Structures are given as structure tokens and as C-alpha cells.
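One structure is given here, and the rest of the page talks about it.
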Ligand code: GLA
């Protein structure tokens, strides 16, 4: 029997008869389905049956690709072949239970189709036989029309690089073994029709909602069928189920669009925004102290910085790394979460009172999952590192990972965080995690990477449960831990340690495929970017940061009056348009000229929009062609005017377009004919405001 979950953009149809749960359709809704059309021919030259693409593809049924389950028991391989599933469904979610009496394994499939068109798949694997080792659980779905694959990689300070492949044959794999979500191997992949773009083409996206080791794969089988797969990666012998025990997989998220990548982000953003855990309040403008003062903390300087922050309109002051016991540099002290009496003789309260007195919230940086070998904590508990006991541990930034699977370590760190929050007027934690896991092993010698990630989730959940008003930012050396798993329990991500506006345009664009702007930390950094050495105007930095959760990460005490005035202008412009910027639809624009990057944020009722056009390099031809603006009300008429941040953005020209002075124009003209662009200097941005008449 067929079962369908249907939303406007995505339909998921499964067949319960063929064992496991065969996915017969994942794509745009198709309405009535004729089952006979799903039986594919079986070519000569292979085995006598064509194993279906099931949520858990079955090796025992003849599946020749990577199977959904890899299991063994006491040296014997276990190949489950599930009986037809018993399915219950209410139209938006589906629960299917299937078992294999021969191997005493049973599976519960949980599929939820969220209103925005995001399908969430979770698999529960139960063992009713002798202890069972689980090597792999991998979810599969078909992508029959896809002939190109898009994946995302990068590195510290340069996250979310898209890489595009033509997919004529074989497999693309993103395999992450860093113990955190990873900037280098981001767990998301898209597969679509040839030349899919921001605005057109059919695309399916898969994302693993998990903040540890995992894989996403695009596999084109020898018989021509194309699938996407995703699942966690377990350490050797890490997941063993005793009789009666169950393993629950991390969620796999799928989105589908017949209107290019914008449809994918529409689904993901819509889903994230509808979650009960999504931030409900206006996103306060932040000042973060990291690139302003680094480890050099003192009350007078930071109070003066807070004064300047408040004066330019900042609403939340976040004290970054450097405040705790002996933390004078990054070589020591992680784990000692008490205020450093040398830097803070009267504790943090005087600064907090000052910040609160200025009407700002106070936030604090922590890195709870770490332990420095040079720390009181390590001296007291040298066995609390999550390290391979047989070899010298590999350090990163001079630190080790704290073994949170050890109940003592977990409880110690939970209590330390609770004390900090109970003893101070803190409303925000920047929760950092600054190193990869290397051969993560608990004190008994067992692989513990998965258990560590689950313990991190438990720790954050505990802090949120006991301190429900605290907001938490997920940071991991910048954008190393951004995924829908961590975002179930956190309220902002630090998108990247790169505050260079030029690189940020691309980084934020890459992040925008998955996460909406209100969760994306974006800061106005110093004049000269610390990670690249490039220099940009305040206006360009502001025009880029404006489209995320805005912050400032710059020593404003060293800024000139003109610069302070520019920052104030940007902050107040952001606040004036904050509801639109954080609640609108982000539509990335296909622009032929690679020297230009453009997008528009459109209000849900299409009554208002802000267009951002950035000249990211020098264009070969000038002027650049008209830019067509999608997403607007085609039958509406708009008043269009520029939001002026900086006059210097306009380039050398005998004449610039007359519309720059403001014009009334139809949504249809903007979408179909577009707007001739002024000549812009490289590394500048043009912002346009549209208000429907
Ligand atoms: C990481 C973060 C930075 C900053 C430093 C502090 O690198 O990404 O934003 O918090 O740690 O040590």
C-alpha cells in the first residue's frame, strides 16, 4: 500500500509492501499515483531482482550501493531483510514499524513533513537478539532527475564554499570526522537538474541535523538510479545494542524545490522559523569584545567600550574570551570557569552593572567542552580528557576536549555554568567549541565521539531547562558548528571568524541556503580585517553585516567621530528595517556578472523589500546589465529609493541612472526588465528600499 505525506513543495510517497520502506517519490506533488508504474525493468547481466530504494536500503534484498544498515553480532554479519511495514499516518507524519524475525532486528521509521516543505526522517533500530554492534545507519532517498551535485566546504574563517559537479557517474561523499559539524565538510548536499541556479531548476537538498561525525552522499548506481544518503559515522564498536535496546538516529532533513535554490532556502527558513524553539524576540544588536580587546580585560576600558557601544545603539554587550582564572592567552585555563581575580578584583558585577545601567543586556563567552592541560581542573582530574589512552594526545590551540561522557566531568561543568548564571545578571552565552576531536575515547577505552555529541546536547538542554531565559550562541572557531541539530537548542550561530565584509558576502550567502538571517551572527569588524588584512569602509562592512543578526566587533574606542557616526547610522537603519530583515524571504538573485552579488529580502506580504547589490570585484564590462529583481508583487507598484550609507560607493561615470533619485516602478518591470545598475566601485554595496504604493 502507498502512503503519502504532501505539502505544497514536497511530496513523500512510500510503499510498505516491499520490505523496509520503499521511497517511490520524493519531489513536487504528483497527486494520484499508479503503483504499476513503479515496477522498473530488470536488465540482463545482473542479479534477478532490483532492490528498491528504501529509507534503509537493504543489502539482503540485493541493494548494490551502500546499505542502510551495517550490523554484526559476535563476529557474524547481520543482514536484516525487513517484513512489510505496519504504517500509521495522519497525513503530515508517518510511523512505520518493520521487523526481521530472522535477525531479531526491528526498525521504526519516523517521517514528519513540516508545513514549510521540509521532510524530517528518523530511524529507530531495535535489537531483540544477542548484543548487536551497529556500524552504520544510513537513510536513502531517490533523486531521479538530478545530474549535478552541489556541496559545501571551506575552512576556518572561510566557511560555506559551494562546489558544483556534473554527476554522470559514481559517488560524491562528504565525510566529516572532526567530532563537530565542520566548516571543511559541511553536512549538506544538493542534487538537481543540469544548470539549476538560485532561481530555476529542480533541486533536492539533504542535510544531517547532527553536530558530530557524519556523512552525506550522492550515489549514482550502476543501474542508473540516483540517490542521496545521510547518516552519522560511529567509532569502531561505539554503538552496541543489548537485548531490548534501541538506537535512535540523528534526524535527516530533506527539502525539494522546482524553483531553484531559493525554494530550498524558503523551505529550510520556513521550517526553522516555525519551530517552537525559534527566537521570538527582536534580535538585539550586539557588541562582542573579541577583536576589540582580545584577552586584555580591564574594567575601565571595557566600561568605556560599553559607553561607546550604547551610544551607537548596541543592545547586548558580550564579554568574550579572557575573563576567567589566569586566561591571559589561549594556552591555558579552559575548565576553570571562575572569574579571574587578577583582571577582575571586584568580579564581573561592576562591569555587568555598568552595562545594564546603559540599558544593554550582558552576555558571556564560555567554552565548556574543553580542558587546558594547564588548568586547575586538569591538575585535579588528569583523566578527564577525551583522548586515546595509548598515545600522546594531539592538542589543538593547546587544549584537549573534556570527556562529557564521564558523569563526574559532566556534572562538574554543569554546576560551574549554573553557578555563573545564578551568580551574575547574564542573559546570553556565547558557547564556543574550538577544536576537532582526535581519536575520541572515554576512560574505558571505548570510542566516544557520538556519545560526546549527545552529552553536549544534554548539557545545553540542561542549562536551557534550568535557565529558560538564557539565549545561547553556537560558535565553533567561527562557523564550525552550524546545523539543525545544534539549532534546536541554540539561538544564534557565529557564522565565521572572518569579519572581512568581502569574504563575508560569500560566506553568508552559503550559510543562507540553510539558516535564516536572524540566526546568522554578522559583525562590523575593525577597519582592517584581522583575518585577511583587507581594509573596507564602515559603510561596506555595515551593508554586509546589516543582513544578519547585526553586531559590532571592533574597538570603538579607537574609532574616529566620523566612523562612530557611520556605525550609528547603520545600527539605526538596521533597527528601522529589522522586522523585514529578520522576518522576510531571502531571495538570492542570479546575476550573470560574477563580479556582482545580489539578493533581496521581501516582506511576507510582498509590500516591502530591501535589495542588496555588492560589487565584489571589478566588472569586465561596464555598465553591468540590468538586474532583475525576483520575489516582488508582480501586480504591485513600488516606490524605490536607495538607502544611502556612503556616497563613495558610486564609481567614475559621466552620468549615473536617474532612478537613483527615487522612482515609482512596477514589480513586473523590476522582475522582467530589471533595473540598470549605477557604476559602482569595487568592494562597495548598493542598498535599495522598495515600498508598495
Ligand atoms: C573562537 C571564536 C572567536 C572567539 C575566540 C576566543 O576563535 O570563533 O569568535 O570567541 O574563539 O578565543
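Using a 10 Å cut-off on Cβ atoms, rank the peptides 248-260, 644-656 from the highest mean neighbour count down.
Taking the mean over residues of other Cβ atoms within 10 Å, the ranking is 248-260, 644-656.
Apply the a/c threshold of 1.5 to the C-alpha gyration tensor of the chain and tell me whether it is rounded, prolate or oblate.
oblate
Label residue 195 and residue 86 with points 7 Å out from Cα along Cα→Cβ: what is the distance between them in nm?
Label-label distance for residue 195 and residue 86, simple model: 5.2 nm.
With a point put 7 Å past each Cα toward its Cβ, work out how far residue 169 is from residue 374 in nm, to one decimal.
Inter-label distance under the simple model: 5.5 nm.
Please tell me the relative contact order of the chain in percent, rounded to the nearest whole number, where contacts are Cα pairs under 8 Å and at least six residues apart.
Value for the chain: 10 percent.
Hey, rough spin-label estimate for residue 595 and residue 346, points 7 angstrom out along Cα→Cβ, what's it come to in nanometres?
In this crude spin-label approximation the distance works out to 5.6 nm.
Between residue 465 and residue 620, take the C-beta separation as r, use R0 = 51 Å, and let me know the FRET efficiency to the nearest 0.05.
The pair residue 465/residue 620 has a calculated efficiency of 0.35.
Starting from 0.36 nm per residue, how many nanometres of slack lie between residue 641 and residue 572 once their C-alpha separation is accounted for?
Result: 23.1 nm gained on full extension.
Once a ≥ b ≥ c are taken as the square roots of the eigenvalues of the Cα gyration tensor of the stretch 589-692, is the result rounded (a/c under 1.5), prolate (a/b larger than b/c) or oblate (a/b not larger than b/c)?
Prolate, since a/c reaches 1.5 and a/b exceeds b/c.
For the stretch 550-693, calculate the relative contact order in percent as a whole number, restricting contacts to Cα pairs under 8 Å that are 6 or more residues apart.
26 percent
What shape does the stretch 571-631 take by its C-alpha gyration tensor, where a ≥ b ≥ c are the square roots of the eigenvalues and a/c under 1.5 counts as rounded, a/b above b/c as prolate, and the rest as oblate?
Prolate shape, in that a/c is at least 1.5 and a/b is the bigger ratio.
Any read-out appearing in this document is the output of simple, stated calculations on the displayed coordinates, not a laboratory observation. Not measured: the values here are computed from a predicted model. So basically every Cβ, Gly included, is an ideal-geometry build from the backbone, and we count neighbours across all protein chains shown.
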